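First the structure, in the form of structure tokens, and then the observations on it.
The values are calculated or read from the model by the stated rules, or taken from the named source; none is laboratory data. Keep in mind that this is a model prediction, so the values were computed, not measured. FYI the Cβ positions are ideal-geometry reconstructions off the backbone, even for glycines, and counts take in every protein chain you see. We work out accessible area using only protein heavy atoms, side chains counted, and drop any ligands, DNA or RNA first. Shrake-Rupley method; radii C 1.70, N 1.55, O 1.52, S 1.80 Å.
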Amino acid sequence: MAGARYLRGATLGVVTVAAVSVVLTPLLVMARTVWIEGGADVADILTARGLSSAVKNTFLLAVAVTVLAVPLGTALALALRRPNLPGRAVWRVVILLPVLVPDFVLGYSWLRAYGRAGFTDDLLGVHWPGVQTPVGVTVVVVVNAVPLVYLITAVGLAARSEPAMERAARVSGGTALSVLRTITLPLLGPATATAAVLVFVLTLGTFAIPQVMGSPAGFSTITTRIYSNLARSSDPLAFTEAVTLALLLVVIAVLVVAPADALLGPRLRVTRVATTDSTSVAGSRAGGRWAATGIACYSVLAMGLPLLALVATAITRAVGLAPTPENWTLDNFLAVLNARNGEALGRSVMLAAVAASVLVVLGGLVAALERSRSGRGLATLVSLTLVLPGSTLALGLLLAYGRWLGGTLAIILLAYIAKLWAFAHRPISGALDRLPPDELHAARISGAAPLTAIRTVVLRPLAPALLAAWLVCFLTALHEVTMSSLLYGPGSETLAVVVLNSAELGQVGVTSALSVVITLVLLIPALGFWIAIRGLNRGKASLSPVPPVPEPAHVG
Amino acid sequence: MSADTLHVRDLTVSYSGVPALSRVCLNVAPGEVLALLGPSGSGKSTLLHTIAGFHSPQAGEVWLNGRRVSSASRSEPPERRDLAMVFQNYALWPHLSALDTVAYPARRRGDGRNVARAQALVILERLNVGHLADRHPAELSGGEQQRVGLARALARRASLYLFDEPTAHLDSHVRGVFLAELVTRQRDTGAAAVYAAHDAEETLGLADRVALLAHGRVIQVGTPQQVYREPVNELAAKLTGPVSVLTSPGGSPRVLVRPEWASLDGDRDGRVVEVWFRGPHSDYVLVTDQGTLLVREPGPPRHERGAQLTWRLSHSWALRESTMTAEPSVSQLPSQTPSSVAVPE
């Protein structure tokens, strides 16, 4: 027993030190900087010309994206639950595509598809002038946010509004529509609200899409303004303004999240047993066809055509030429394949792999500590990092450790750990919640010491969650550009930063080729891991009819 | 046929190619209670869900009150069928109070909120749970939840009630009370009912007729006494209660013996290998020349394990080996086949 307590104490110590150094210290240092150095300037900064429009743009963008993405994602989740939807398995994967495509690639691909001298312009002579305006930015951020809403509501549908409840309503005389209104949507309420809060907060911190699509046309948000302020690093006032803005972003996020959490938290924490069968009552066949057609149109317009345009630009000799075979070339790819970019790619993959591995350990430790009272506060702190905008974290780390680590890969790694901790913690914690406590008890009563019990009966059922957490962290770190673009120095550019810089230099063909490369770099490991996780889950499913038998104890 | 509340003809349902029901035929007369008895996985829930309209059959038809509601080509949605259902997992809505749950069917019929709630309260009070009207499912015990589920079904005022193992998740002491309540209320309404269960004792007591289901097929239909005394095969016998199968030395068919059809002290020899005290009665497992035999006698055990004793048979039922492979035609099998068979010597 004393051994277990020592173990717990040591774990708590490690996790606390990590949380304090990567999250709390940067925030406190920022607050102190604004307090001391900003002083009287804060009032001036907040009333500066152009700044109020950036704050207003940020807020309006977040509201508009939330209002549009939440109904769209919910509708998709409901439609994809229909058992008679043609091509259901395919759409379920296609809808999640924006998760695998970095947001700056998505934004850039929309420019290539619908902008002037873009794909539709070359082929049909039509282009959408709005694509480079706030409207275009909003639409693409919505497309980027839809998978998140879809995932949260789909999980909510599977876990809360069990099909039996809809059947009970149908057999009580409700029509398909009235059951949706009176049973399904009210049961989905908490999940929808969670999705709305998350989308709002993540949109506040979104940087790459407004930067790539909006800033050439003069549309600025808080995040893009922080970025341009830091580029003018010689101006001390610009730096103070950036820090002030970063803190303002946190204040807005907390003002939204805190009341939402107080309202929703208790309801969300009620866990329900998920049923295996999450399909709805079969609807009409015509309805299924309409839904499938709608999803197909959305997928083609929002993702298919832009990504196709991106590839077409990458393999076409010059901008303005039609993407036909006689104009095809590999020059853009050859231009991209140089030593500098190769090093950037290696750095990105290495950084992402190290960050993901550290994060899975830290996330697992917090999930384990969460089961006791002492660890719960820590878990809350970790969950809160989800709403900390990347720009804020990056500036905080720069202020706290920039003197020693500025421009190195180490500071980028710290930023990834701070930003993605919640991403690693959530799936592991969820899997631990589903693990029946009796399985661990059975191992202990069979003679296993705490660590042996965890290794023999917890780790195996947890493997899919651990792998999923690693994958999510790895992919997100590989995408990451908000923090990297603020923190990188000579010799520490990541591939994402290279793509962003190339887009800003206006190298259309090269940027497209780089975007294709970075997307492929993401797709290949994603596919591999997806197969691995499916294999692990299938193994578990085939074992499930057998009652769990604790492994024979071999205690050290 | 049109006089029946429910008429199921040649119903065939499969899930992605795996058959769940094959050519099931059933009739339920107005006011009649038909019990569906079968092991888990036999297709009970599938049959109820197809009658309710949650699944469409691949072949066959469902008729309700002389109206065809399900066929391979067309399926009426559940809300347009004249039936109500009580679910195994209660299926109560976490966001609605007991009162609003029971008011739900009336609201869907078009009644105003106050009217529907007033009716719901009357039903809840009739089931002695009126004081729970404002509670949500999370604040109710299992027995209370299932009473609310029953109240919701009653509020539908249907001519057919479907009960999908409604007592499966109830404690045994709540189960009896709930079951008595359920039968009384269903009889009050004069409606017909289909009651799915895997517990023979509970089913035989409440049903007018019993249908035995195995591997998606109906293997026997009859009154509770018929299916208990004259099972069509060994599987049917095991579904309807404890039974022993004895061989006869003469090579004539094997016979089924219910525990109370045999008694201790008689003309045959046996040895006690197990004794169980069950409260009102005691069970003995005997090893005999003809096989292992379960004997049930009232009162506490009179013999120890290992004792040599004698026994006799008062009744037995010969297995007709040819019908061991159940054909669909067996489903409507009349029970006028030879009943009591002479004890094999």
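Please determine, by comparing only the residues of region A:167-202 that are touching a Ser or Thr at 6+ places or on another chain (Cβ under 8 Å) and at the interface with another protein chain (Cβ under 8 Å from one of its Cβ atoms), which one is nearest to A:Ile152 (Cα to Cα).
Among those residues, the one meeting the criterion is A:Leu187.
Being surrounded by 24 or more Cβ atoms within 10 Å (Cβ to Cβ) and outside any helix (DSSP H, G or I) is the filter here, so list the residues in region A:201-220 that pass it.
A:Gly205, A:Thr206, A:Phe207
I'd like to check something: does region A:480-500 contain any residue that is in the same structural domain as A:Thr392 (by TED's automatic domain parsing), under 27 Å from A:Arg534 (Cβ atoms) and at pLDDT 85 or above?
Scanning region A:480-500, I find at least one residue that is in the same structural domain as A:Thr392 (by TED's automatic domain parsing), under 27 Å from A:Arg534 (Cβ atoms) and at pLDDT 85 or above, so the answer is yes.
Can you confirm whether B:Asp283 is out of contact with any His (no Cβ under 7 Å at 6 or more places or on another chain), acidic (Asp, Glu), assigned to a strand (DSSP E or B) and open to solvent by less than 60 Å² (accessible area, probe 1.4 Å)?
On the way: out of contact with any His (no Cβ under 7 Å at 6 or more places or on another chain): yes; acidic (Asp, Glu): yes; assigned to a strand (DSSP E or B): yes; open to solvent by less than 60 Å² (accessible area, probe 1.4 Å): yes.
So B:Asp283 fits the description; yes.
Of everything in region A:173-184 that's free of Cβ contacts under 8 Å to residues at least 12 places away in the same chain and in a helix (DSSP H, G or I), which residue is nearest to B:Ala84 (Cα to Cα)?
So the residue we want is A:Ser178.
Anything in region A:120-142 that is open to solvent by 60 Å² or more (accessible area, probe 1.4 Å) and either aliphatic (A, V, I, L, M) or not assigned by TED's automatic domain parsing to the domain that holds A:Ala62 (or both)? List them, or say none.
A:Leu123, A:Leu124, A:Val126, A:Val135 - these are the residues of region A:120-142 that are open to solvent by 60 Å² or more (accessible area, probe 1.4 Å) and either aliphatic (A, V, I, L, M) or not assigned by TED's automatic domain parsing to the domain that holds A:Ala62 (or both).
Is there a residue being within 14 Å of chain B (Cβ to nearest Cβ), surrounded by fewer than 23 Cβ atoms within 10 Å (Cβ to Cβ), within 20 Å of the chain's Cα centre (by Cα) and not hydroxyl-bearing (Ser, Thr, Tyr) anywhere in region A:76-85?
no
Could you please find all residues in region B:53-73 being away from chain A (no Cβ under 11 Å) and either in contact (Cβ under 8 Å) with a residue 40 or more places away in the chain or crowded, with 18+ Cβ neighbours inside 10 Å (or both)?
The initial filter retains those residues of region B:53-73 that are away from chain A (no Cβ under 11 Å), namely B:57-73.
The answer is B:Pro57, B:Gln58, B:Ala59, B:Gly60, B:Glu61, B:Val62, B:Trp63, B:Leu64, B:Asn65, B:Gly66, B:Val69, B:Ser70.
If you check B:Leu235 against the conditions, is it under 30 Å from B:Ser40 (Cα atoms) and not in a helix (DSSP H, G or I)?
no
Regarding B:Pro94, is this residue touching a residue at least 24 places away in the same chain (Cβ under 8 Å) and touching a Phe, Trp or Tyr at 6+ places or on another chain (Cβ under 7 Å)? Spell out how you get there, then give the answer.
Details: touching a residue at least 24 places away in the same chain (Cβ under 8 Å): yes; touching a Phe, Trp or Tyr at 6+ places or on another chain (Cβ under 7 Å): no.
Considered against the rule, which asks whether it is touching a residue at least 24 places away in the same chain (Cβ under 8 Å) and touching a Phe, Trp or Tyr at 6+ places or on another chain (Cβ under 7 Å), B:Pro94 comes out as no.
Are any of the residues in region B:252-261 surrounded by fewer than 16 Cβ atoms within 10 Å (Cβ to Cβ) and at pLDDT 90 or above?
Checked region B:252-261: no residue is surrounded by fewer than 16 Cβ atoms within 10 Å (Cβ to Cβ) and at pLDDT 90 or above.
Considering region B:84-93 alone, what residues qualify as being more than 7 Å from chain A (Cβ to nearest Cβ) and under 17 Å from B:Ala192 (Cα atoms)? Don't jump to the end; show me each part of the working.
Within region B:84-93, the first condition is being more than 7 Å from chain A (Cβ to nearest Cβ), and the residues that meet it are B:86, B:88, B:90, B:92.
The one that is more than 7 Å from chain A (Cβ to nearest Cβ) and under 17 Å from B:Ala192 (Cα atoms): B:Val86.
Cβ-Cβ under 8 Å, sequence separation 6+ or interchain: first residue in region A:421-450 and of a type in the set (D, E, K, R), partner at pLDDT below 70 and open to solvent by 60 Å² or more (accessible area, probe 1.4 Å). Which pairs?
Listed by first residue and then by second, the contacts come to A:Asp433/A:Thr271; A:Glu439/A:Pro548.
Scan region A:316-328 for residues that are open to solvent by 40 Å² or more (accessible area, probe 1.4 Å) and not aromatic (Phe, Trp, Tyr) and report the count.
Summing the residues that are open to solvent by 40 Å² or more (accessible area, probe 1.4 Å) and not aromatic (Phe, Trp, Tyr) in region A:316-328 gives 8.
Looking at (1) closer than 29 Å to B:Asp4 by Cα; (2) more than 14 Å from every other protein chain (Cβ to nearest Cβ); (3) assigned to a helix (DSSP H, G or I); (4) touching a residue at least 12 places away in the same chain (Cβ under 8 Å), which one does B:Thr167 not meet, given that it meets all the others?
Looking at each condition in turn, B:Thr167 falls short on (3).
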